[in-house]
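Colleague: My questions all concern the structure below.
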Amino acid sequence: MSHPSFQTSSNKTVKFIIPPGWFTVVSAVFRKDEKQAMLVRSSVKGDSALFQSDAVSSGSRLLNQLEKTVTFPIAPKDMPVHVELSFYHPDPDVIFSKSQRAAGENNKLIEPEYLVHHVTVVPSMKPARAANDTPDYVTYNVFVQDSEARSLAQRPASEQLNSAVAVVHVVKMVCHTEPEAAASAVSYALPTIPSGSVLVENKLPPPPPPADIVQGYNVTLDAPRPAVVDTYLHQYDTIFLVDDSGSMGLDQRWQEACTALLSILDRAIDNNAKGISLYFFNATQSIDLKGTKLKKFDVRAVLDRVQPSGGTPIGERISEHLGRRIDLLDKAAGTPQYKNIKPLDVVVLTDGEPPGLSDTHPFELKNVLLNATARLRRSKQKHHPNAVCVRFVQVGQEPRLRAAMEALVQLDTDNMVDTIAYEGVGSLTPEKLDRILVGGVHPNMRV
């Protein structure tokens, strides 16, 4: 993917896919003297912001309610970034007033019933005749239609219907360093955070789920992602699926992965957290803290016994674990047990691209993820979109793996897939794995 793109969902929300190395800024203005809101959700470590109309007269910018700013900037990253915009507008007869603003009544806008009727996206590209030193860019104008057209004369993006206009401006950043320094100049590494530290918490709740999902689900699915690892360990189920293929023995990859995993498993044991388990691509050994009394030396013994050897059956293994979780959800739906099922993160640590299976093979990774999404979306038993997340963590610098990971992000999986790039030998530290767990996409990008 070399250029930004966008997708719409039911013509009510829009998601922008931003390639690596592009800077993004979002802003919006409202055109009517009524309550309006724009919810911006980004895949950059759970970043999100709520913008609301904050003036009595129309034509003013929507205001970020936490930071009191009028823009939402996103710095360039080394992996694709998703930015999703949702717009809310109540009954047109409800007039915005100062007293209602003071009472914070606009916070109630983020309900499915208040989603706008339609959004229309009009992109504007860099012109062919632009000067050579003009960076590549795309400007997306998003016209927000608050109600259905009542006559043929009224069209989307027309004066009669638009309640707001958002602008998403995306610019390709240019590195002006010498070629030998370029690699370090465009690196966007995560800062190191001490284990257990409080991270920048997403204080906004995730968007409300679709109205037609199975009710009685775990309340964690509607909550912001935990800001502390120890809290995460109790609120989430986590399956670590570890690549133990032969190539993991190269360049200290296996040692890096095991060191990071031992840290999080030790902490889970210290905190009596029972939702952590670990499986391998090839080896039959496993670690499951649920219902067991494993000691730290038991965990180390398992990792010592497993050594890199064999192939990379990544699709088959992910299919097994996703299938078991969806079976569990299906069986518990409509029963009191359903609310006890925690959200699941499947964290895949791998150094190699998926094997070259045919496009129709059931274990081809793309098919595995799309089939799981289809099962979760089934109309008669549709589960909460935050129930499952698959997170691919790259170990090693295999360029084909990075390309394969980028392709997975583009799949229509309700943002079930998250990917984390490798930043060099020794970069997969316990601290980074902590940050990956608490700072992921889930559950902030789902609709």
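The values are calculated or read from the model by the stated rules, or taken from the named source; none is laboratory data. Just so it is clear, the model here is predicted, and its values are computed rather than measured. Cβ coordinates were reconstructed from backbone atoms using ideal geometry, including for glycine residues, and neighbour counts include every protein chain displayed. Side chains are part of the model used for accessible areas, which takes the heavy atoms of the whole protein and leaves out ligands, DNA and RNA. Shrake-Rupley method; radii C 1.70, N 1.55, O 1.52, S 1.80 Å.
Colleague: Please go through (1) under 27 Å from P385 (Cα atoms); (2) open to solvent by 20 Å² or more (accessible area, probe 1.4 Å); (3) among the polar types (S, T, N, Q) for N272 and return the number of the only condition it doesn't satisfy.
Modeller: Answer for N272: the failing condition is (1).
Colleague: Could you say which residue among L289, L265, L261, L278 is modelled with pLDDT under 90, open to solvent by less than 20 Å² (accessible area, probe 1.4 Å) and within 27 Å of the chain's Cα centre (by Cα)?
Modeller: None of the other options fit; the residue is L289.
Colleague: Being assigned to a helix (DSSP H, G or I) and either modelled with pLDDT under 85 or not basic (K, R) (or both) narrows it down to one residue among N415, N371, N386, N444; which is it?
Modeller: N371
Colleague: Looking at L344, L328, can you tell me which residue is open to solvent by less than 40 Å² (accessible area, probe 1.4 Å) and touching a residue at least 12 places away in the same chain (Cβ under 8 Å)?
Modeller: L344
Colleague: Can I ask one more? Looking at (1) at pLDDT below 75; (2) within 30 Å of the chain's Cα centre (by Cα); (3) among the aliphatic types (A, V, I, L, M); (4) crowded, with 17+ Cβ neighbours inside 10 Å, which one does L66 not meet, given that it meets all the others?
Modeller: (4)
Colleague: Given the structure, is A273 modelled with pLDDT of 90 or more, aliphatic (A, V, I, L, M) and part of a loop (DSSP other than H, G, I, E, B)?
Modeller: So A273 fails the test.
Colleague: A further question follows. Restricted to the range 212-225, and to residues that are surrounded by 21 or more Cβ atoms within 10 Å (Cβ to Cβ) and in a loop (DSSP other than H, G, I, E, B), which residue is farthest from the chain's Cα centre (by Cα)?
Modeller: Here the residue is Y217.
Colleague: Next question, about the same structure. Restricting the search to the range 230-252, which residues are closer than 21 Å to Q307 by Cβ, touching a strand residue (DSSP E or B) at 6+ places or on another chain (Cβ under 9 Å) and of a type in the set (D, E, K, R)?
Modeller: Hits for the range 230-252 are D243, D244.
Colleague: In addition: On the basis of being within 17 Å of the chain's Cα centre (by Cα) and open to solvent by less than 60 Å² (accessible area, probe 1.4 Å), does T413 make the cut?
Modeller: yes
Colleague: Another one. Considering only the range 1-26, state which residues are among the aliphatic types (A, V, I, L, M) and open to solvent by 10 Å² or more (accessible area, probe 1.4 Å).
Modeller: Result: M1, V25.
Colleague: What about V44, is it modelled with pLDDT of 85 or more and crowded, with 18+ Cβ neighbours inside 10 Å?
Modeller: no
Colleague: While we're here: Kindly provide the set of residues from the range 107-125 that are touching a Pro at 6+ places or on another chain (Cβ under 8 Å), in a loop (DSSP other than H, G, I, E, B) and either at pLDDT 85 or above or open to solvent by 40 Å² or more (accessible area, probe 1.4 Å) (or both), ordered by number.
Modeller: Answer for the range 107-125, where residues must be touching a Pro at 6+ places or on another chain (Cβ under 8 Å), in a loop (DSSP other than H, G, I, E, B) and either at pLDDT 85 or above or open to solvent by 40 Å² or more (accessible area, probe 1.4 Å) (or both): just E111.
Colleague: Still on this structure, please answer the following. Restricting the search to the range 130-146, which residues are farther than 24 Å from I17 by Cα and either of a type in the set (S, T, N, Q) or surrounded by 15 or more Cβ atoms within 10 Å (Cβ to Cβ) (or both)?
Modeller: Result: N132, D146.
Colleague: If D359 satisfies every condition in (1) acidic (D, E); (2) open to solvent by 60 Å² or more (accessible area, probe 1.4 Å); (3) within 18 Å of F240 (Cα to Cα) but one, which is the exception?
Modeller: Against the list (1) acidic (D, E); (2) open to solvent by 60 Å² or more (accessible area, probe 1.4 Å); (3) within 18 Å of F240 (Cα to Cα), D359 comes up short only on (3).
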